[in-house]
1. Quick one: if the Förster radius is 35 Å, what FRET efficiency do Asp226 and Asp13 give, using the C-beta to C-beta distance and rounding to 0.05?
2. Give me the lysines in straight-line cross-link reach of Lys188: C-alpha distance below 30 Å, same-chain residues under 8 apart excluded.
3. Rounded, prolate or oblate for the chain? Axes are the square roots of the Cα gyration tensor eigenvalues, ordered a ≥ b ≥ c, and the cut-off for rounded is a/c under 1.5.
4. I'd like the orientation of helix 239-250 relative to the chain: the angle between its Cα long axis and the longest Cα principal axis, in ° from 0 to 90, rounded to 10.
5. Consider a paramagnetic label point 7 Å from the Cα of Thr180 along Cα→Cβ; state which residues of segment 203-232 have an amide N under 20 Å from it.
6. Determine the sum of side-chain charges near Leu29: Lys and Arg each +1, Asp and Glu each -1, restricted to other residues whose C-beta is under 13 angstrom from that of Leu29.
7. How high is the FRET efficiency from Tyr100 to Tyr246, r the C-beta distance, R0 45 Å, rounded to 0.05?
8. Quick one: pull the percent of accessible area on segment 38-175 belonging to carbon and sulfur, 1.4 Å probe, ligands and nucleic acids left out.
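The values are calculated or read from the model by the stated rules, or taken from the named source; none is laboratory data. Keep in mind it's a predicted model, so treat the numbers as computed, not measured. For neighbour counting, all protein chains shown are included, and Cβ atoms are generated from backbone atoms with ideal geometry for every residue, glycine included. All accessible areas refer to the heavy atoms of the entire protein, side chains included, with ligands and DNA or RNA removed. Shrake-Rupley method; radii C 1.70, N 1.55, O 1.52, S 1.80 Å.
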Amino acid sequence: MAIQVTLLSHSPDPLRSLYMAYRTCYSSLTPQQVARRIEDERITRETMEEFVRERLKTGHVSPLEQVWFEFAISGVSRAFSHQFVRHRVGISFEQQSQRYVTYKRGEFPYTVPETVRKAGMEGEMRELFERVGELYEAMVEAGVPAEDARFLLPNATNTNFKITVNFASLLHICDLRLCTRAQWEFRKVAALMRAEVMRVDPILGRMLQPKCGELRLGYCDETEKDWAACPIGRVRPHKEVLFRIYEQYRKGELQPLREEDWAAIEAAEEPEPEPAGG
């Protein structure tokens, strides 16, 4: 079963909600006055976007909790779900139950990772799961409750979610799960969630980035080994590089330009003057 992510609903005007929340904190105007200025366009969308971007740089998170998104997620594995539910703040989950849903004829949907296919072991995996399904069905027919028969089911078994998440939590999820170090299945789900937000509010959607994104930290805080192995590491500095530069600056140890550096600078030839009338 292919992974599917669908945005079911969201805050009616996410950017306006964010702006209103932030502006209430930083303005002598009442929220009602701010709202009227938005309605008569004295405050433009561009103004709201710029203000929200600047506030995000300060780390002021609580206003982000006032914007929410509601998603339907299907075709993910139980292995994914064990990681997903670790995001506990600002998100609520409803998940398909293996207690109350009994798989008919012992047939349960599951995910085969691409790495298993490349290793040439997909057939063996499917054969094993077919046997698991047969035993599951036999147990249920023998009177074993589905909640106990499910002890046979593997982490590959598919499950479904309906979730509601606020924007602060969604930013954090994307910080971690769009990183190339995240497992492929979670990266896929996070990317699909981002795509759904982009569809209805591109301004907020563009803010959903891995933590090294230019709108997030702007640098990598994983290990230097992982950074070196990252396919986008070349365009994102590692935090240790930044710290070393700052430490050199603090100690006054930044290397001065050398004579050969100046020679290279001064060796740049001036352009030839164009001939008269040219």
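1. 0.35
2. Cross-link targets: Lys57, Lys104, Lys118, Lys162, Lys211, Lys225, Lys239.
3. Here the chain falls in the oblate category.
4. With rounding to tens, the tilt is 30 degrees.
5. Only 208-232 pass the distance filter.
6. That sum, taken over residues with Cβ under 13 Å, equals +4.
7. Here the calculated transfer efficiency is 0.20.
8. After summing per-atom areas, the C and S share lands at 50 percent.
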